[in-house]
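For reference, the structure discussed in these notes is given below.
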Amino acid sequence: MEYVKNKTLYLEIIKCRDASLTASPELIQMFTKISEKYSRNFQYKYESDRDDCIEGGVIDAWQYWTRFDPSISTNAFAYITQVIKNGQMKQFRKLVPPETRGCTHVSLSHGKIYSL
């Protein structure tokens with residue numbers, strides 16, 4: 001499986017935009033590849049949380065890809081990656097309550113450290 005290249009993504013976005021398509025299957029597949037690759041940067045307690053975050057990133061990319069402005073930049077990859085990152089974080093916030101994020105309890109007892 002070849003990773004997504006900026007030029008390929010840019011041309012697909014332009015093609016879909018010119019044809020007034022919502023998003024082609026090829027474009028959705030590119031969003032999925034980028035989202036899957038980006039999700040590897042994080043550790044999740046449950047694998048299903050990773051899958052949900054990947055889907056959240058793809059959904060946001062699908063919703064906001066039309067906001068990419070080729071007159072400002074030709075770096076579609078950076079734009080889509082940022083949208084996917086924001087979508088994954090939005091989904092993660094829905095899945096994991098803020099009071100339990102990164103929470104570890106450490107207690108000291110007789111010089112020994114116990115992590116809960």
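The values are calculated or read from the model by the stated rules, or taken from the named source; none is laboratory data. No experiment lies behind these values; they were computed from the predicted model shown. Every residue, glycine among them, receives a Cβ derived from its backbone with ideal geometry; neighbour counts consider all protein chains shown.
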Does Thr66 fit the bill of being of a type outside the set (D, E, K, R), under 17 Å from Asn86 (Cβ atoms), over 13 Å from the mean Cα position of the chain (by Cα) and assigned to a helix (DSSP H, G or I)? yes
Would you be able to tell me the number of residues in region 27-83 that are among the aliphatic types (A, V, I, L, M) and under 23 Å from Arg93 (Cα atoms)? 8
Kindly provide the set of residues from region 56-76 that are of a type in the set (D, E, K, R) and modelled with pLDDT under 95, ordered by number. Arg67, Asp69
The one condition Gln43 fails out of (1) within 20 Å of Lys85 (Cβ to Cβ); (2) not in a loop (DSSP other than H, G, I, E, B) is (2)
Look through Glu36, Glu12, Glu55 and report the one residue that is in a helix (DSSP H, G or I), without any contact (Cβ under 8 Å) to a residue 40 or more places away in the chain and more than 30 Å from Pro97 (Cα to Cα). Glu12
